[in-house]
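The values are calculated or read from the model by the stated rules, or taken from the named source; none is laboratory data. All of these numbers come straight from a predicted model, not from anything done at the bench. Neighbour counts run over all protein chains shown; Cβ positions are idealised from the backbone, glycine included. Heavy atoms of the whole protein, side chains included, go into the accessibility calculation; ligands, DNA and RNA do not. Shrake-Rupley method; radii C 1.70, N 1.55, O 1.52, S 1.80 Å.
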Amino acid sequence: MTGADLREARPTGTRARNPTLEETTMDPICPSCGGPLRQIPEDQWPEGGPVPDGTEEMYLCDRSNHRIIVAVPEISG
C-alpha cells in the first residue's frame, strides 16, 4: 500500500462505542483496602447513626468492616 492508499482507507464493520452506565457492571471494591463491598438495604441502615442527608446507597466492606456511603453532593452558592 502506498501513502495515498492509507489515507483513503476507512474502517469497516460496526463502530465501537462506550457502554452506558446501565450497561456497565462492576463489582464494588472498598477504596480503603480493596476488599469486596456488599450493599446494605435502606431498611438496615443504622437509625440515628452516621447517615448524612442525601445518602443514596450504603456499602459494607466484607474484609475490614469499612462503611462506604454514596450521597448526592450538596452545592451551595
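Would you tally the net charge around Gln39, using a Cβ to Cβ cut-off of less than 14 Å, leaving Gln39 out, and scoring K and R as +1, D and E as -1?
Values: positive: Arg38, Arg67; negative: Asp27, Glu42, Asp43, Glu56, Glu57, Asp62.
Net of charged neighbours comes to -4.
Show me the ranking of peptides 31-38, 48-55, 60-67 by mean Cβ neighbours inside 10 Å, starting with the highest.
For the peptides 31-38, 48-55, 60-67, the packing ranking is 60-67, 31-38, 48-55.
Non-local amide H neighbours of Gly35 (under 5 Å, H modeled in plane, Pro and chain starts lacking H): which ones?
The list, which skips near neighbours in sequence, is Cys30.
Can you list the HN-Hα couplings for region 52-69, worked out from phi with the Karplus curve (6.51, -1.76, 1.60; θ = phi - 60°), rounded to whole Hz and with x for Gly and Pro?
x, 4, x, 5, 9, 9, 9, 10, 10, 7, 6, 7, 9, 6, 5, 10, 10, 10
Considering amide H positions built from the backbone, and no H for Pro or chain starts, which residues 5 or more places from His66, or on another chain, come under 5 Å of its amide H?
Cys61
Quick check: at a probe of 1.4 Å, how many percent of the accessible area of region 26-76 sits on carbon and sulfur atoms? Present the calculation step by step, with values, prior to reporting the outcome.
Values: 1880 of 3920 Å².
After summing per-atom areas, the C and S share lands at 48 percent.
Restricting things to alpha carbons, tell me how big region 26-76 is in terms of Rg and Dmax, in Å.
Considering region 26-76 through its Cα atoms, Rg and Dmax are 11.6, 36 Å.
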